[in-house]
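Participant: This is the structure I want to talk about, given as structure tokens.
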Amino acid sequence: MHTVNIHQAKTNFSKLIDAVQHGEEIIIAKAGKPAAKLVPITEVKHKRKPGALKGKIKITNDFNAPLPDDILDGFEGK
């Protein structure tokens, strides 16, 4: 972790952002006291929960049945 004062942060903001994008954390101090922390944004990956939609989706028995000719013609542009 690296600490810089506000003036240094304003002067070198682009460099600090580059450092943060490479995983470094930066503390910004005001009058020598930590005031803010720059940290990289990490994507939150939600764990999949099997069966979460159970009972909310219904698949009919004829799901794999051939489409009626008029609907099939619409898909084929006839």
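The values are calculated or read from the model by the stated rules, or taken from the named source; none is laboratory data. Since this is a predicted model, take the numbers as computed values, not measurements. Here the Cβ positions follow ideal geometry from the backbone for every residue, glycine too, while neighbour counts run over all protein chains shown.
Participant: Taking helices (runs of 4 or more DSSP H) that do not extend beyond the chain, which have at least 2 residues that are acidic (Asp, Glu) and without any contact (Cβ under 8 Å) to a residue 12 or more places away in the chain?
Facilitator: Values: elements: 6-11, 13-21, 69-76.
Passing ranges, in order: 69-76.
Yes/no matrix, rows are residues, columns are (1) surrounded by 13 or more Cβ atoms within 10 Å (Cβ to Cβ); (2) β-branched (Val, Ile, Thr):
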| residue | (1), (2) |
| --- | --- |
| Ile6 | yes, yes |
| Thr11 | no, yes |
| Ala19 | yes, no |
| His22 | no, no |
| Gly32 | no, no |
| Lys37 | no, no |
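Residues checked against (1) within 23 Å of His2 (Cα to Cα); (2) modelled with pLDDT of 90 or more; (3) more than 21 Å from the chain's Cα centre (by Cα); (4) among the charged types (D, E, K, R):
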| position | (1), (2), (3), (4) |
| --- | --- |
| Ser14 | yes, yes, yes, no |
| Ile17 | yes, yes, no, no |
| Val20 | yes, yes, no, no |
| Gly32 | yes, yes, yes, no |
| Ala36 | yes, yes, yes, no |
| Thr42 | yes, no, no, no |
| Lys49 | no, no, no, yes |
| Asn61 | no, yes, yes, no |
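Participant: Inspect all residues belonging to the stretch 67-77 and state whether any of them is surrounded by 11 or more Cβ atoms within 10 Å (Cβ to Cβ) and charged (D, E, K, R).
Facilitator: Yes, the stretch 67-77 contains a residue that is surrounded by 11 or more Cβ atoms within 10 Å (Cβ to Cβ) and charged (D, E, K, R).
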